[in-house]
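Written below as structure tokens is the structure these notes are about.
The values are calculated or read from the model by the stated rules, or taken from the named source; none is laboratory data. Because the structure is predicted, anything quoted here is derived from the model rather than measured. Because the Cβ atoms are built from the backbone with ideal geometry, glycine has one as well, and the counts that use them run over all protein chains shown. For the accessible areas, the whole protein counts, side chains as well, though only heavy atoms, and no ligand, DNA or RNA atoms are used. Shrake-Rupley method; radii C 1.70, N 1.55, O 1.52, S 1.80 Å.
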Amino acid sequence: MLSNVDDETGEPTGDLSGHAPRKTIPQAPPLQAASEVQRRADFSYIRYAQCWEDAEILLEALDIRPGDTCLAIASAGDNALAMLTQDPARVIALDLSPAQLACLELRVAAYRELEYEELLVLIGSRPGRNRPELYQRCRSQLSPDVCYFWDTHPAEIERGIGHAGKFERYFDLFRRRVLPLVHSRRQVMRLLEGGPPEQCERFYRREWDTWRWRLMFRIFFSRLVMGRMGRDPSFFKYVDGDVASRILDRTRYALTQLDPAENPYLQWILTGQHLTALPVALQPEHFDTIRANLHRLEWHCCSVEEYLKRVPHASISRFNLSDIFEYLSLPNYYHLLHRLAQVGKPGGRLVYWNMLAPRSRPEGMADQLRPLTELAEALHRQDKAFFYSAFVVEEIC
């Protein structure tokens, strides 16, 4: 196992700092153990080498208080680490993929062993030629399975671990092979200079929004191409409508209404590194805080459904659920949402994104969850990870 849990009991065995194992979690009412998406998708490789959800709006939506117990979808680990900046008592990161947890574990080791600028080089946010040496310094902090995983991926280490996922390779192909057919390097850098909305809108209209751009976008970000080269095709099972047009609308908004000079996600897509902006977990003012709070982070290789089987009622305050509901049928989504509301503390919050499939609390759960619609919509307008069609914040009653 790549997670710090006992293989037989499934209980935490302590964190990487050698803390004592936690007490056994009491059993909760029965819940299906296997996630629907777990039966349909392959989780043996890195899908996402970075978290492509904006941690700034996530943290504002979660409103983590000191001492809170939080649950997060691990992905590559960035946003679970960002949650440590808010002084929670515990952050529980879950993922179905051992490869994703290998990304998180290497990040934890890097925060422990490297200096701040070295961390940015290992990720790939900054250029550098010494990534193999930086990895070797982190290696003593890794479990044997994670050592083996990264030892057998030297090219990903050499390039920067933030490039190691299928989704990042998709953007890499877009950046190197497709975008140059439409826009020059000079135009890309001019776009990333940013500025006030009226200036960005004028540049987009006059220089960026050409017929070549629109045609290329509709092809490269179509359901077919994204399914084969970016996301797993099964992730589109519950998506209706024109995928590319919906993403194009959100991209236009990000390029004109949100300053590109302050957008780390856009900068990575277009240049392969972070130029003038960084995600929360990589911002310099948070490095020491995250490093000091690493002992509060634990991770488990299992589905949310499986983990919730052993969680008592009203025990978790904050839930960072990424966009996992998008991959579930409505009945399975409602079933999981009901259980999350049960294990959540009153006044706690669920936060998640919709990319293409609409998911939000049904009226039948009005006595369990209260939508914070005004807050969610305001934060969605600030979302720098601009692919998502909706941002959902729900308060536990």
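With only Lys, Arg, Asp and Glu charged, each at its Cβ (+1 for the first two, -1 for the last two), find how big the charge dipole of the range 346-397 is about the Cα centre; round to the nearest 20 debye. Intermediate results must be reported in sequence, preceding the final value.
Numbers: 6 positive and 7 negative charges, 38 e Å.
So the magnitude is around 180 debye.
Taking amide H as placed 1.01 Å from N in the peptide plane, V91 has its amide H under 5 Å from the amide H of C70, L297, E298, each at least 5 places away in sequence or on another chain. Take the Cα of R129, step 7 Å toward its Cβ, do the same at E201, and the gap between the two points is 4.8 nm.
When the Cα centres of the range 319-390 and the range 85-141 are compared, how far apart do they sit, in Å? Value for the Cα centre distance between the two parts: 29 Å. Put simply, when 80-88, 362-370 are sorted by average Cβ atoms within 10 angstrom per residue, most first, you get 80-88, 362-370.
Go through E113, E395 and list them by solvent-accessible area, largest first, probe radius 1.4 Å. Please report the intermediate quantities before stating the final value.
Numbers: E113 65, E395 40 Å².
Output order, biggest surface exposure first: E113, E395.
Seen from all directions on average, the range 314-397 presents a Cα convex hull projection of 5.0 nm². Placing R0 at 25 angstrom, the Cβ-Cβ distance between L173 and L215 gives a FRET efficiency of 0.90 after rounding to 0.05. The alpha-carbon of K345 sits under 13 angstrom from the alpha-carbons of these aspartates and glutamates, leaving out residues fewer than 8 places away in its chain: D68, E394, E395. Report note on the peptides 381-390, 294-303, 197-206: ranked by the mean count of other C-beta atoms within 10 Å, highest first, their order is 294-303, 381-390, 197-206.
Which three semi-axes in whole Å describe the equivalent ellipsoid of the range 69-196, each the square root of 5 times a Cα gyration tensor eigenvalue, listed largest first? Present the calculation step by step, with values, prior to reporting the outcome.
Details: eigenvalues 159, 74, 47 Å².
In descending order the semi-axes read 28, 19, 15 Å.
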